[in-house]
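The values are calculated or read from the model by the stated rules, or taken from the named source; none is laboratory data. Worth saying up front: this structure is predicted, and the values here are computed from it rather than measured. Cβ sites come from the backbone with ideal geometry, for glycine too, and all protein chains shown count toward neighbours.
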Amino acid sequence: MPRGRPRTRVYNDVERSRDGTGEPMDTSSYHSDVSYSENLTDYVPDASTINDDSNDTYDEDYRNTRKPRGRPRGRPRGRPSSGGGGGGRQSINRQDLDQLNQNRPTLEETDSLYETVRQGRSVLQSVVDEWIEIYRQDRENGIIHLMQFFIRSSGCKGKITTQMRQVYDNAQIIRALVDEFDEESGDYPLIMNGPQWKKFRSNFCEFIHTLIRQCQYSIIYDQFLMENLISLLIGLSDSQVRAFRHTATLGSMKLMTALVDVALTLSINLDNTQRQYDAERQKNANMNKRSSERLDMLMTKRKELDDNNEDIKTMLGYLFKSIFVHRYRDTFPEIRSICMYEIGIWMKRLPGIFLDDSYLKYVGWTLHDKVGDVRLKCLNSLLPLYESEEISKKMELFTNKFKDRIVSMTLDKEPEVAVMAVKLAINIHKHHPDVLSDKDCEHVYELVYATNRSVAQAAGEFLNERLFQVDENATINLRTRRGKKRSIHTLLIRDLIQFYIESELHEHGAYLVDSLIESHPMMKDWECMTDLLIEEPGPEEEALDDRQETSLIEIMVCAIKQASTCDSPVGRGPQRKQLTSKEQKTLQEDRMKISEHFIQVLPMLLNKYKTDPEKVSNLLTIPQYLDLNVFSKQKDQLENLLRLINEIVDIHSDKEVLEVSAKTFEYLYDENFSFSKNVNIYKGTLIDTICSKYKDAIERYNQNPSGDEEKLMVNLQLKKISVLYACHDLTSWNLWDDIFERWIKTANHEGEYIPIMAVKFSIISCHMSLVWELHHLSQSRQQVDRALIVKNKLNNFMHEIRSLLNHNSLDLEEEAYISICDLLIIFSRHLEQESPATAHLVYKPDVLIIKQLENFIATRVFVDNDDESSVNSRKSNIEILHKRRHFLAGYCKLIVYNVIPIKHAACVIKHYVKFYNDYGDIIKHTLGKIREINKVLCAKTMATALISVFMDLRNECSNNLNAFTKQDENFQSLKELAKRFALSFGLDNMKNRDAIAALHREGIHFTFNTLENPENPLGPPPNLPFLEIIIEFSNKLIKIDKKTVLSYLDRYIKTALPGVHNDEWQPLISYRASLQHNEFEVPLNRQPGRQYNKTKKHGRDDDGEEIEGEDDEQEDVEMVE
């Protein structure tokens, strides 16, 4: 076979053809001698340059520009041929092409290569070997097979023949093949879905790589195969047809990757040959005839390898300039992604050629791409380069130039891109520690609190690399005051505490822990943490201050919780994920280590910090994550723990401390363990003590009802009782009669003299007492007499707290509201199916209590906040908003669980638009649930809500000339509310036809129910503008229902419209138009004045037809029919 370099003349011809002129393309920016700083000035990327290179045949813009009777889609729009001036060849003629097509080979002959690769049933190496055999016998036939493979891989059904190649150049052939695309679909193999096409894409890439690998020793240097193949790929890549561009770009980039592997092999062989030559010369210094022949042979081989290597470099450089430089900013993101992915491979495998600033700049520019996947491919290409210290040192100029962009990408909106950017920043810091400034690092530090877990953990790894590197020499002499050696993580934990304090996010310790716990062992060094808290500091240490101790305890408790449960913080991934067997084993081991360590040291920690509510509330949660089996072996430590808990409850009044203590007692009391009796004894002792103190406080209060100290003691003991009641059954202590009679029944009578907080805690205690009573009845299933007693308690309690909804104390109103909402759900109709005993306990709300709840929602939830800019006021507003959302959720649950009728949701959903930012998610969920329960009732409720808002507007804007017009913002807001309601029904109008028809009926009935206009007796009804609201639902009616609704409308008005089409009647005209859709003729004009009749029962209209009034249900049936 011919050997040697490819003919430069052929490359230059094709190069000139790409510019459409005789001038060669400017390649100065690719010269290796040009400095990087100069290259950076020849292209400044912005939002427009990424997507401005070539038009897309399958894009909408190109389809819109085609002439109605022009050529089929895909014909280029007069663009100069990508093959150049044609070299004197004649222009293509359709008749000549048809004549040539008669001589095309059969499908089996030309498409066998594509079909074989597509089916994937044969080994690709065998397929390539068969093609090589065909090529050796007839290289023209072989190149046609290969060219046809790329054409068919693009989704084109056209065929290339020998006669076509003799007559036309590649550009003309490609333009002719454009007509062979499928007009009905813009799909082609590389973008088709399904496992078959995914496999084809893989086989396509592997085929190209195998082809070059099998031809690397002779065929690729024959000045025929590569010249024709590269020429075809350049032509296809420059086509306006996206399928050609995409397929050719992928093929050419994979071709370059395969050539890079060949160059790498040649480089290795060249080095080996050179070593053999040098060794042979040293071995045979006398240069006899035999050794001279050996040296000549090695010299010839080295020259041949040099020539081949130069040929490969020439091919790579030409492919890069002719295809990559144009396609790396293609309009199609997938093409740009291919370019960025492949250039990363070239730089890693052949850094001697491609690891140069003239190539790196393309990756740097594309970091600004609009599409996340392209940016991700850029980072994926750079990451392996920075993992190698040797390569990364050669990229110092690139690093300095694009460092700011890489750091900013850590905040990318695409989480995968942000993660990769953080990893890249880690590698940059490893090899270029001085490049990233402190400000750059701070941007990454803050990401440990990010919502996305992958981003946060990547930022945690950066934090470990930057701040938390273990230095054993620094802690080798560190000891406590009593001589105990400190852990190697001691200094790191001190740094972690300082980092947490400086971040000023003290309520988010769990997020910091989650970011670091899987990447740094210090987060599970329990002994190091507890030693810092318990042990006295040594001579070379400083003691932790109060803030540092609080921060350390919070971090330690968060780490214990996550290590023993594997639960991520709220918002970071699924809360109930399936653990693998390895994760479960790790979890058990961690939990056992935590249990064995903290059962010894926890009593010491509690004893030290028992007077500090913030610290002790965190420490008291630790027993809830310990393995109870350990307590069976350490009963003495358990006794100490229980004693300390009782002592802490006795001296503290903080609600959080009391709640944690009650939950810890609840966790420790497990009847499956023998120590449960001891826990029960301590718990009983604690309750007895509290009850005894409560009775003492009552006696003092009775003696001096106005004393502040007496009120404070009563409040404190009732607070402890209410907290314990939430976790433990206190029924046997018989507290109901005293608490209910003394505090709740007298709350409305004694007024300001009674302690408000005592009544509040009494409501909670009685509420929980009823819940515990229900629990016992549901388990016993037979205790009807007891059920009647509980029923009587429930009725009395509900009667009293209903009156508290109108109390002058906001605290009592809120507590009464919460208790009523919860008890209505707990004692709802579902108890009838549980057991005969609980069936008697169902409590059905009456209209009055529902009205009270609605008033509470209106006055306490749907109110505007005063805008205040101070930090404290913003915190307060967040807490208030959280409380209001809790109130709203309590009311919505009553509707969702069918405790109160659906129609009472109108008072909530009417605020959907106005309070969307605050309560939009709750209202949307409620709306979806009531639609699932009953679509018709949901639609009627929507109508009621719209009517309610409309009436409010009508009452407010009596003197407003712009009322119910486009200038009326409130009316436009009402129309927006109607749009939201209409969108909530979805796209399936057939499923919702009954509901939509009912809504229109309600709207029409409301509009024409009040006919008399007090301001203008001859004018339209006062509610006529409401028709503009229900117009938003007209597109949800199916065709037959529009006729029915129009007929229903005509029952209120005559079919004739007013003679004068003024603005007052415009809502009616618009509404009728929305129902007609050109199916009815516009009636003739009549005299102005009222053109509608009031519906009368058993009356007659002007034509003598009887009109009978029907009730709502009959009208609903009629609407559906």
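For this structure, a couple of remarks:
- Selected residue (only one of C892, C957 is surrounded by fewer than 18 Cβ atoms within 10 Å (Cβ to Cβ), without any contact (Cβ under 8 Å) to a residue 60 or more places away in the chain, over 27 Å from L1037 (Cα atoms) and of a type in the set (A, V, I, L, M, F, W, C)): C957
- Among the residues here, L436 qualifies as free of Cβ contacts under 8 Å to residues at least 40 places away in the same chain and hydrophobic (A, V, I, L, M, F, W, C).
- Residues of the stretch 844-855 that turn out to be surrounded by fewer than 14 Cβ atoms within 10 Å (Cβ to Cβ) and part of a loop (DSSP other than H, G, I, E, B), as a count: 2
- Residues (of a type outside the set (K, R), touching a residue at least 60 places away in the same chain (Cβ under 8 Å) and under 20 Å from I681 (Cα atoms)) located in the stretch 712-745: V723, L724, A726, C727, H728
- Flag for D357 being farther than 30 Å from A258 by Cβ and crowded, with 17+ Cβ neighbours inside 10 Å: no
Residues checked against (1) part of a loop (DSSP other than H, G, I, E, B); (2) in the same structural domain as H520 (by the TED database); (3) without any contact (Cβ under 8 Å) to a residue 40 or more places away in the chain:
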site: N473; (1), (2), (3): no, yes, yes
site: I488; (1), (2), (3): yes, yes, yes
site: I493; (1), (2), (3): no, yes, no
site: I501; (1), (2), (3): no, yes, no
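- The residue of the stretch 899-931 that is surrounded by the fewest Cβ atoms within 10 Å (Cβ to Cβ), among those that are of a type outside the set (A, V, I, L, M, F, W, C) and outside any helix (DSSP H, G or I), is P901.
- Considering E549, E583, the condition of being within 28 Å of the chain's Cα centre (by Cα) and among the acidic types (D, E) is satisfied by E583 alone.
- Count of residues meeting criterion [closer than 16 Å to L552 by Cβ and among the polar types (S, T, N, Q)] in the stretch 602-642: 3
- Against the test of being more than 29 Å from the chain's Cα centre (by Cα), within 26 Å of E614 (Cα to Cα) and surrounded by 12 or more Cβ atoms within 10 Å (Cβ to Cβ), the options I560, I599 yield a single qualifying residue, I599.
- Annotation note: of L841, L812, L824, the sole residue that is assigned to a loop (DSSP other than H, G, I, E, B), touching a residue at least 60 places away in the same chain (Cβ under 8 Å) and buried (at least 19 other Cβ atoms within 10 Å of the Cβ) is L841.
- Any chance A758 is surrounded by fewer than 21 Cβ atoms within 10 Å (Cβ to Cβ), among the aliphatic types (A, V, I, L, M) and in a helix (DSSP H, G or I): no
- Test result for L777, at pLDDT below 90 and in a helix (DSSP H, G or I): yes
- Looking only at residues of the stretch 563-596 that are more than 24 Å from T451 (Cβ to Cβ) and polar (S, T, N, Q), we find that the one that is surrounded by the fewest Cβ atoms within 10 Å (Cβ to Cβ) is S581.
- Number of the condition not met by S515 [criteria: (1) more than 25 Å from the chain's Cα centre (by Cα); (2) within 25 Å of M592 (Cα to Cα)]: (1)
- Among all residues of the stretch 626-645, there is none that is under 19 Å from L532 (Cα atoms), among the acidic types (D, E), assigned by the TED database to the domain that holds V657 and out of contact with any Cys (no Cβ under 8 Å at 6 or more places or on another chain).
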